[in-house]
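J.: This is the structure I want to talk about, given as structure tokens.
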Ligand SMILES: Cc1cc2nc3c(=O)[nH]c(=O)nc-3n(C[C@H](O)[C@H](O)[C@H](O)COP(=O)(O)OP(=O)(O)OC[C@H]3O[C@@H](n4cnc5c(N)ncnc54)[C@H](O)[C@@H]3O)c2cc1C
């Protein structure tokens, strides 16, 4: 980005919410990544539209960042604008049997789940303890396999800004959700907010289900470490049956290859969950790519299945 472009952007965003040449690693849960030319903490729809329109006109690459819990940025960083969505607004609409809650896309997923409990809204328990934001969870269609939950389950519609800055409402059906997928992955616009509908339930029952989810997380996943969650998707049912395998779990295959504890510099495969890579100290995107390719190769040779990445390398 040149000086004029930086000057123009600075006029669109309040001082303090735009930073130039700033490292991306601290904005990700795995703490990897070089610097972005510009990082903008976006609040309002108007401001987002202005930045999106300007980036398009000037042909500046734009990357949307939620909680950064599913991303590994390259060591060279990002040549363009990283737009971090931060607003945490909600709107609750109730009737006697159901409740609709609209969350802005920067709303923290775990907090959205907490708000659902407080409003007696059942069906968001799988979000309990999930890192990241509502926008990222919809993009990834984040899931809770132990409880057969996906983010899309309770979705009604989203407010979506296309790359030309025009805002429309898209229904759940239009987003064509499936395992680890939504149509958002084939578009380059922005989820501004999302409306979910829930059945009313006793908050104590909902909290109990949330506690089970959290307990499961704490006993099956490494906690308090720098990671981006599961590196690979689980394989499909068809792949499992075709290769006569006992499970769909990517972690199982990695474990059976004896790769727990495998290391590349500061990056290590977790002893607790083999599908989690942990940045113990100073790991790079190159280390991440090296280790994931090694895992794919070993799993393919042993089980004849090709693992597909869940973590996004940008
Ligand atoms: C400890 C740990 C545990 C995890 N457990 C789970 C789990 O149980 N289940 C699971 O599915 N995942 C899990 N994850 C992965 C991750 O937390 C989820 O995928 C999460 O929902 C990603 O949200 P995010 O806001 O951090 O997305 P980011 O990592 O910020 O972004 C992910 C993608 O979404 C896009 N995006 C983000 N916001 C928007 C928006 N508003 N509009 C358009 N695009 C957008 C980004 O451009 C990017 O392509 C885990 C991760 C960690 C670190």
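J.: Looking at residue 75 and the list (1) more than 19 Å from residue 198 (Cα to Cα); (2) surrounded by 19 or more Cβ atoms within 10 Å (Cβ to Cβ); (3) at pLDDT 95 or above, which single condition is not satisfied?
T.: (2)
J.: So, in region 216-231, of the ones that are modelled with pLDDT under 95 and in contact with a strand residue (DSSP E or B) (Cβ under 7 Å, 6 or more places away or on another chain), which residue ends up farthest from the ligand (Cβ to nearest atom)? Even if it seems obvious, please write down each step before you answer.
T.: To start, the set of residues in region 216-231 that are modelled with pLDDT under 95 comprises 216-224.
Then keep just the ones that are in contact with a strand residue (DSSP E or B) (Cβ under 7 Å, 6 or more places away or on another chain); that gives 221-222.
Working: 221: 6, 222: 7 Å.
Per the stated criteria, the residue is 222.
J.: May I ask you to say which residue of 145, 131 is at pLDDT below 95 and within 9 Å of the ligand (Cβ to nearest atom)?
T.: 145
J.: Still on this structure, I have one more. Can you tell me which residues in region 155-177 are more than 12 Å from the ligand (Cβ to nearest atom) and in contact with a helix residue (DSSP H, G or I) (Cβ under 9 Å, 6 or more places away or on another chain)? Give the derivation first.
T.: The initial filter retains those residues of region 155-177 that are more than 12 Å from the ligand (Cβ to nearest atom), namely 155-157, 164-169, 171-174, 176-177.
Residues satisfying the conditions are 155, 157, 164, 165, 166, 167, 172, 174, 176, 177.
J.: Given 259, 237, which one is modelled with pLDDT under 95 and away from the ligand (no atom under 16 Å from the Cβ)?
T.: Details: 259 fails: modelled with pLDDT under 95.
After ruling out the rest, the residue left standing is 237.
J.: Sticking with this one: Take the residues in region 271-290 that are buried (at least 21 other Cβ atoms within 10 Å of the Cβ) and closer than 18 Å to residue 252 by Cβ, then tell me which one is farthest from the ligand (Cβ to nearest atom).
T.: It comes out as 274.
J.: Continuing with the same structure: Select from region 130-159 the residues that are at positive phi and crowded, with 20+ Cβ neighbours inside 10 Å and list them in ascending order.
T.: Keep residues of region 130-159 that are at positive phi, which gives 132, 141, 148.
Residues satisfying the conditions are 132, 141.
J.: Further question on the same structure: Residue 123 - would you say it is more than 6 Å from the ligand (Cβ to nearest atom), in contact with a strand residue (DSSP E or B) (Cβ under 8 Å, 6 or more places away or on another chain), touching a residue at least 60 places away in the same chain (Cβ under 8 Å) and on the phi > 0 side of the Ramachandran plot?
T.: Numbers: more than 6 Å from the ligand (Cβ to nearest atom): yes; in contact with a strand residue (DSSP E or B) (Cβ under 8 Å, 6 or more places away or on another chain): yes; touching a residue at least 60 places away in the same chain (Cβ under 8 Å): yes; on the phi > 0 side of the Ramachandran plot: yes.
In short, yes.
J.: Another question about this same structure. Where residues in region 67-82 are on the phi > 0 side of the Ramachandran plot and away from the ligand (no atom under 11 Å from the Cβ), which of them is nearest to the chain's Cα centre (by Cα)? Before you say what the answer is, go through the steps one by one.
T.: Keep residues of region 67-82 that are on the phi > 0 side of the Ramachandran plot, which gives 68, 77, 80.
Then keep just the ones that are away from the ligand (no atom under 11 Å from the Cβ); that gives 77, 80.
Numbers: 77: 19, 80: 20 Å.
Filtering region 67-82 for residues that are on the phi > 0 side of the Ramachandran plot and away from the ligand (no atom under 11 Å from the Cβ), the one nearest to the chain's Cα centre (by Cα) comes out as 77.
The values are calculated or read from the model by the stated rules, or taken from the named source; none is laboratory data. None of these values were measured; they are calculated from a predicted model. Cβ sites come from the backbone with ideal geometry, for glycine too, and all protein chains shown count toward neighbours.
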